[in-house]
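Derivation of every value follows stated rules applied to the coordinates shown; laboratory data play no part. Small disclaimer: the values here were computed from a predicted structure and weren't measured. Virtual Cβ from ideal backbone geometry, glycine too; neighbours counted across all protein chains shown.
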Amino acid sequence: MRPYRPVVRALGLAAAVALGISAARGAGAEGLYGLSGPVAPDSAAARASAAHGFDLSSLDPTCPACKDFAQFATGGWKTNNPIPADRTNFARFTKLLLDNQKVVRGIIEESAASKPAPGSNARKVGDYYASCMDMDARNKAGLAPIAPVLARIDAVNGPGDLPAALALLHDDGAGAFFGAAPFVDTHDSNATIVGVFQDGLGLGDRDFYLRDDAKSQGVRDAYVQHVGNELALSGWDQARAHDAAVKILALETSIAKFSRDRVALRDPKLNYHKMDLAGVASAAPGFAWDRYFAARKLPAATAPVNLTNPDFAKDVVGVINVTPLADVKAYMRWHALNAFDDTLSQPFVDEAFAFNSKLTGAKTQQPLAERCTLAVDGVLGEAVGAAFVQQRFSPAAKERATTMIANLRSVLRDDITTLSWMSEPTRQQAIAKLDAFTVKVGYPDKWTDYSKLDVAPGPYASNVISATAWAQTRAIDRIGKPRDRTLWGMTPPTVNAYYNPVNNEIVFPAGILQPPFFDPNNDDAINYGGMGAVIGHEMTHGFDNTGRQFDAQGNNRDWWQPADAIAYEARAKCVEDEFSSFKVGDLSINGKFVLGEAIADLGGITIAYKAFEKAQAGKPRQVIDGFTPEQRFFLGYAQWFTRAFRDEEARKRITTDPHPNDYYRIDGTVANLPEFAQAFFCKANDPMVRPAANRCKIW
């Protein structure tokens, strides 16, 4: 788990993102209720609709739109597309993700087959993929690739050895006790400093340790079994492994008790405490921080440190010092195994999947080729991304997307200009921030240089260690230097988008700007309801409950007049209360946790609808398949969020995902819009129409 670190705010569409009528009446009634059932995917009507980017087969017209729009708009798709055994959830965009992966895999396999020159990007891509795919070699290597990691832990003979050993474990990408990394100074966004943050929970979130219901206890019981199994696979006898696993759970539970929850972790002010190395030592005494930072090659002696949670740092040092050394070493060994289990031999891979399936509900592992394709994209994403762009992202598509982004930014600017609740001083600051947005579309202007990344034929885990070291060195090298704002946080094939508050930028990789979700040939209503709402979502993140705390330069600074801040918070509270009223299974959504994404969904669709109206001005209102342009807009929006979850995965995401469940991203959002009710002729007492007194509206 990571604290609030304002790197990206994603729409959350991929499995791993994420994240505006004056119409004639009567034209949509036949299309809305005239169908006898979901249209078969291969029907003539479905093919005609597909030409416009409109999927009739997704509909369930047996459910009135005004009763449950999510079911009406997506029920047919869920019926026709059951969740595959190797998936924890399945969505229309998952098919796009898989399609993109096929293209990327073709690029990778071509790179491997072409016998490229040693040291070239193509050779590195091919070798990395081949090492991941060669399970025979991984089985033969066993634990050998991470033997040095385990040996360093075994060599710890006393407390004085711990700082350096822990630093090297963190260097290898394992999380234990706390974390440290280069950190953007949120009060000086041009500076990169050192950050220290809470970490060390193998289950990923404090709530998994602290909830007292039967299902949570079942997860903890399974976790103890899993930890023991992996320790046994690493060479310990079963009794020793089980005893250590019980103690590891107890140790992590202690850490969970003083860890901040995910709502607190999203508060940039709460998680900012800049100091020097002496300040860190004073705030959390009893640990040789100087030796730790030196071993990590983090220049804390010369660069400032953001100790995000001083109380956590003090408490975790206390835990380290009172825990028997043997238990500390067992805990560190477990976290080393946990960091690498999916890169090792088949027994480790199978054990990791067996436990994860209890959390997610997946029935089978995804094919190895898919897992290895994602692994290559994660490490060498821009090496394969350039070829992906050539194959799948035309200049015309980039121009169309750029034009749509400009249209939505213009509409949001007009909207801010006319907000009745915002005073002029705040309005001018908001417009200045919007005008300062950096817009990145498709792919970087400057591709990543992989020349210093070492990839070789051999055990996969060895290449993972090498890639981790390369990435760490690149990141640490940026400390104390002016920030490079041209860097991307996602690779070109990624099916996602994000807003980055410290860069004040919105970013749309080529992977999400693909049919059927975005297509220059699509009906405007579908493009604006789908991709337009995504664009509006990311823009609105700049002004959500967290984004609004950053200025045009990306600094965490209060630029709001007090009365305007109060007015905003009252409107945000409406959204929070609405989503807190929703439940997924036996768990309630935490409205505070999902607030930023829910605000962005509401703002995104509001701005997209206004931009759509502007684009439609003066054009004939074409009815397609019996649906008006306004109805198609909302159907396009809903079909973006067409997703089914396994119960286990839906439950896990209540704790870990700041995006609301996709069902409520549809129904909870559109129920606030009078334009939706008008488009589908809903009555005031219909379930999909929130009473005017309870209606949430910010933009």
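Structure data summary
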| quantity | calculated |
| --- | --- |
| Simple label model, 7 Å out from Cα along Cβ direction - residue 154 to residue 137, nm | 2.5 |
| Neighbour-count order for 135, 490, 275, fewest beta carbons within 10 angstrom listed first | 135, 275, 490 |
| DSSP-defined antiparallel bridges as percent of all bridges, segment 144-343, nearest 5 | 75 |
| Unit charges at the beta carbon, dipole of the chain: most positive-side option, 254, 62, 671 | 671 |
| Amide H within-cut-off set for residue 297, under 5 Å, with H built and near neighbours excluded | none |
| Relative pair counts by distance (%), Cα atoms of segment 355-447, 10 Å bins | 12, 25, 21, 22, 17, 3 |
| Order of 670, 322, 584 under a 10 Å beta carbon neighbour criterion, fewest first | 322, 584, 670 |
| Of 398/619; 67/269; 314/481, those spanning more than 32 Å from alpha-carbon to alpha-carbon | 67/269 |
| All-pairs alpha carbon distance profile, the chain, 10 Å steps from 0, percent | 3, 14, 24, 27, 20, 10, 3, 0, 0 |
| Alpha-carbon centroid distance for the pair segment 237-259 / segment 92-153, whole angstrom | 33 |
| Magnitude of the charge dipole, segment 555-613, Cβ model with Lys/Arg +1 and Asp/Glu -1, debye to 20 | 60 |
| Efficiency of FRET from Cβ geometry, residue 368 and residue 99, R₀ 22 Å, rounded to 0.05 | 0.70 |
| Antiparallel DSSP beta bridges within the chain, percent to nearest 5 | 75 |
| Segment residue 161-residue 481, length gained on full extension (0.36 nm per residue, minus Cα span) | 112.0 nm |
| Relative compactness, segment 144-343, computed as alpha-carbon Rg over 2.2 N^0.38 Å | 1.03 |
| Per-bin percent of Cα-Cα distances, segment 509-572 [5 Å] | 4, 15, 19, 15, 12, 11, 12, 9, 3, 0 |
| Burial order of peptide ranges 411-418, 608-615 (average beta-carbon count within 10 Å, highest first) | 608-615, 411-418 |
| Taking 187, 541, 170 and counting other C-beta atoms within 10 Å, the order from fewest to most | 187, 170, 541 |
